[in-house]
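Colleague: Structure in structure tokens, see below.
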Amino acid sequence: MTAYTELMQFQRETEALGQIAGRLGWDQETMMPDGATPQRAEEHGAMANILHARRIDPRVGDWLAAAKPADDVAKANLRHIKRDFERTAKVPAALAAELAKTTSLAHRVWAQARADEDVAAFLPMLQKVVDLRREEAAAVAGNTDTYDALLDDYEPGATGESLSTMFAALRPRLVALRAAILDRPAPQALSGAFDEAAQLAISEKLALAFGYNVDHGRIDKAVHPFSSGSGLDVRITTRTNAADPFNCFYSTIHEVGHAAYEQGIDEAHLLTPLGRGVSMGVHESQSRIYENQLGRSRAFTGWLYGQMRDQFGDFGIAGEDAFFATVNRVSDGFIRTEADEVQYNLHVLLRFDLERALMSGDLAVNDLEAAWNDRFAADFGYAVDRPSNGVLQDVHWSEGLFGYFPTYTLGNVYAGCLHVALREAVPELDGDLARGDTSKATGWLRENLQQFGGLRTPVETIAHATGTSPDEEPLLDYLEDKFGGIYGL
């Protein structure tokens, strides 16, 4: 047996244990009783200890030194394992376990604080999470930037500086487009109440329409929609709002985009480092192109309009063109996950700047709410009305996911590039979407991106699918063309 074969056998067990740890998180979000929180925190800590020990097992270093890759797949597997081995070895096992336990507890504290509109109740726990993540980042970074060390967890190769440059290029045109749109009359908004069971029935149709394989997945409800798992077990959640069925529908499509990426990876990579999405930015490119360029297109919304009329009868929007404008209505709002395409990235840029300041120590945790509210008022022109619409709205910081937020905008940039290539490859796309048929679009994405999993780096993954290096221009051009048409700009 070769060193590479032995290493991969060991790695398959590590990957399987990682999937079990992920299932604990899924259960905590969907089905776990509230009273189980302290025990679940211990379980998370125990799994973190086991995984940490396996990832720094001295045999892994020996196998890496001796392994001779036979092909590109083996080279890519070794690249991922080496990166994980070297990074994990820098983090003390006790710190890894403490992080897992603390974030498990912090999640419940955040959820209760959010429900109670009580920022003060969450801040002490958030301080613990920030302190632990700073400690981890310092251990990993060495002499490099600590925020980059955190960002590398989610988008290998990206840096805070490079993203700042990209975001600086995005901001002026986004701000100008937002201002021009809000100076125009807004399309009609939805009104009335929409039955939850009917929403979930359409949600399931949408999941199937976008290729979600329910034989290897399930759909549940959660406070914050998410996708979990990979390979043969990929689960999604959604949520409902009686006054806003679009929240349910587009949360579902978004999470199906994530799930489709995981389900679309070549089964030959199952339980290997290549058997999951290569980065959160690339992952987000799939969820956003499913949700926006496909799901909010004029063609597909025409089909969705018919589905809604079948379920709800006359719900007050007259015709497919008016419905398309309603779906893509730009309006004031506080919630990132509910934001329209024009304003979404402004929400992300706010979080990116604040969390960099938190990690560097330039912003104290106790000053976070005031900093958030000041920045929001400056960017959006009105004040945050309550914490659940402000600093408490997202789950990410309670879970220690510092460095995650910028990948949302990076995913939008990637999606803009992929959309151009997809349109060129599938000229009949709108006709298919008008029938609720996404198979050619999702098939193109599966063939050109999803099946490869972690074979290439994130930038190489997008370049392979599109033929060009990613940049922000296609996204900005798409937004200006689409919303310029809706608003007569």
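Colleague: Sequence gap at least 6, Cα distance under 8 Å: using those rules, report the relative contact order of segment 369-489 to the nearest whole percent.
Modeller: That works out to 24 percent.
Colleague: Only four residue types carry charge here, +1 at the Cβ of Lys and Arg and -1 at the Cβ of Asp and Glu. Report the dipole size of segment 276-417 about the Cα centre in Debye, rounded to the nearest 20.
Modeller: Dipole size: approximately 380 debye.
Colleague: Tell me whether segment 328-418 comes out rounded, prolate or oblate; compute the Cα gyration tensor, take square roots of the eigenvalues as a ≥ b ≥ c, and use a/c under 1.5 as the rounded threshold.
Modeller: Verdict is oblate for segment 328-418.
Colleague: If exposed GluC sites (Glu not before Pro) are those in a DSSP loop with at most 15 other Cβ within 10 Å, what is the longest stretch of the chain that has none?
Modeller: 118-427
Colleague: Now for a different question. Viscosity 1.002 mPa s, temperature 20 °C: Stokes-Einstein D of segment 13-68 from its Kirkwood Cα radius, in µm² per second?
Modeller: On the way: Rh = 12.9 Å.
The Stokes-Einstein estimate is 167 µm²/s.
Colleague: Something else about it: Can you compute the modelled spin-label distance between ALA377 and GLN9, with each label point 7 Å from Cα toward Cβ, in nm?
Modeller: 6.5 nm
Colleague: Need one value: the accessible area of LYS440 in square angstrom, 1.4 angstrom probe, rounded to the nearest 10.
Modeller: Accessible area of LYS440: about 90 Å².
Colleague: Oh, and also: Please find the FRET efficiency linking LYS75 to GLU447, where r is the Cβ-Cβ separation and R0 is fixed at 30 Å, and quote it to the nearest 0.05.
Modeller: 0.85
Colleague: Given charges of +1 on the Cβ of Lys and Arg and -1 on the Cβ of Asp and Glu, with all other atoms neutral, how large is the dipole of the chain about its Cα centre, in debye to the nearest 20?
Modeller: Working: 45 positive and 72 negative charges, 118 e Å.
Magnitude of the dipole: close to 560 debye.
Colleague: Which of the aspartates and glutamates could be linked to LYS128 by a straight reach, that is with a Cα gap under 14 Å, when you skip same-chain ones fewer than 8 residues away?
Modeller: Those aspartates and glutamates meeting the cut-off are GLU98, GLU136, GLU399.
Colleague: Using a 1.4 angstrom probe, figure out how much accessible area segment 252-320 has per residue, in square angstrom, rounded to the nearest whole.
Modeller: Result: 27 Å² per residue.
Colleague: Got a sec? Charge dipole of the chain, +1 on Cβ for Lys and Arg, -1 for Asp and Glu; which of LEU418, ALA268, LEU123 is way out at the positive end?
Modeller: ALA268
Colleague: Sticking with this one: What do you get when you divide the Cα radius of gyration of segment 386-467 by 2.2 N^0.38 Å, with N the number of residues?
Modeller: 1.43
Colleague: For segment 333-422, which chymotrypsin sites (Phe, Trp or Tyr not before Pro) are in a loop by DSSP, counting at most 12 other Cβ atoms within 10 Å?
Modeller: TYR382
Colleague: I'd like the distance separating the alpha-carbon centroids of segment 102-123 and segment 197-231, in whole Å.
Modeller: 27 Å
Colleague: Mind giving me the FRET efficiency for ASP430 and ASP385? R0 is 35 Å, r the Cβ-Cβ distance, nearest 0.05 is fine.
Modeller: 0.30
Colleague: Turning to a different aspect of this structure: Largest first and to the nearest Å, give the Cα extent of segment 109-159 along each principal axis.
Modeller: Reported extents, whole Å, longest axis first: 40, 19, 11.
Colleague: Hey, with R₀ at 45 Å, roughly what FRET efficiency would SER162 and ASP244 work out to, going by the Cβ-Cβ distance, to 0.05?
Modeller: Efficiency, rounded to the nearest 0.05: 0.80.
Colleague: Given a 1.4 Å probe, how much area per residue of segment 104-154 is accessible, in Å²?
Modeller: So segment 104-154 comes to 44 Å² accessible per residue, rounded to a whole number.
Colleague: In square nanometres and to one decimal, what's the mean projected area of the convex hull around the Cα atoms of segment 36-120?
Modeller: For the Cα atoms of segment 36-120, the hull's average projected area reads 7.8 nm².
Colleague: Can you give me the Cα centroid spacing of segment 435-479 and segment 1-53 in angstrom?
Modeller: About 30 Å separates the Cα centre of segment 435-479 from the one of segment 1-53.
Colleague: Just going by the charge dipole of segment 1-125, with Lys and Arg at +1 and Asp and Glu at -1 on Cβ, which of GLN28, ALA100, LEU17 is farthest out on the positive end?
Modeller: LEU17
Colleague: Which value, in Å³ per residue, describes the convex hull spanned by the Cα atoms of the chain?
Modeller: 142 Å³
Colleague: Just the accessible area per residue of segment 346-433, please: how many Å² with a 1.4 Å probe? Mind showing how you got there, number by number?
Modeller: Values: 2720 Å² over 88 residues.
Heavy-atom accessible area per residue stands at 31 Å².
Colleague: From largest accessible area down, sort ARG456, ARG55; use a 1.4 Å probe on the protein chains.
Modeller: From most accessible down to least: ARG55, ARG456.
Colleague: Roll a 1.4 angstrom probe over the protein heavy atoms and tell me the percent of accessible area of the chain that is carbon or sulfur. Let's see the in-between values first.
Modeller: Values: 9940 of 19540 Å².
Within the chain, the accessible surface is 51 percent carbon and sulfur.
Colleague: Using the Kirkwood formula over every pair of different C-alpha atoms, what hydrodynamic radius in Å results for segment 133-236?
Modeller: Numbers: mean 1/r = 0.0530 Å⁻¹.
Value: 18.9 Å, from the Cα pair sum.
Colleague: Under a plain spin-label model, where a point goes 7 Å from the Cα along Cα-to-Cβ, how far apart in nm are ASP57 and ALA318?
Modeller: Here the modelled spin labels are 6.9 nm apart.
Colleague: Report the one residue of PHE376, ILE81, VAL391 whose Cα lies farthest in the direction of the positive end of the charge dipole of the chain (charges on C-beta: Lys and Arg +1, Asp and Glu -1; origin at the Cα centre).
Modeller: The Cα lying farthest towards the positive end belongs to ILE81.
Colleague: Let me ask you something else. About the Cα centre of segment 47-199, how large is the charge dipole given +1 on each Lys and Arg Cβ and -1 on each Asp and Glu Cβ? Please answer in debye to the nearest 20.
Modeller: 340 debye
Colleague: So, one more: Principal axis lengths of segment 263-385 from Cα atoms, whole Å, largest first?
Modeller: Principal axes ranked by extent give 53, 50, 20 Å for the Cα atoms.
The values are calculated or read from the model by the stated rules, or taken from the named source; none is laboratory data. These figures come from a predicted structure and were not determined experimentally. Neighbour counts run over all protein chains shown; Cβ positions are idealised from the backbone, glycine included. Note: accessible area is taken over every heavy atom of the protein model, side chains too, but ligands, DNA and RNA are not part of it. Shrake-Rupley method; radii C 1.70, N 1.55, O 1.52, S 1.80 Å.
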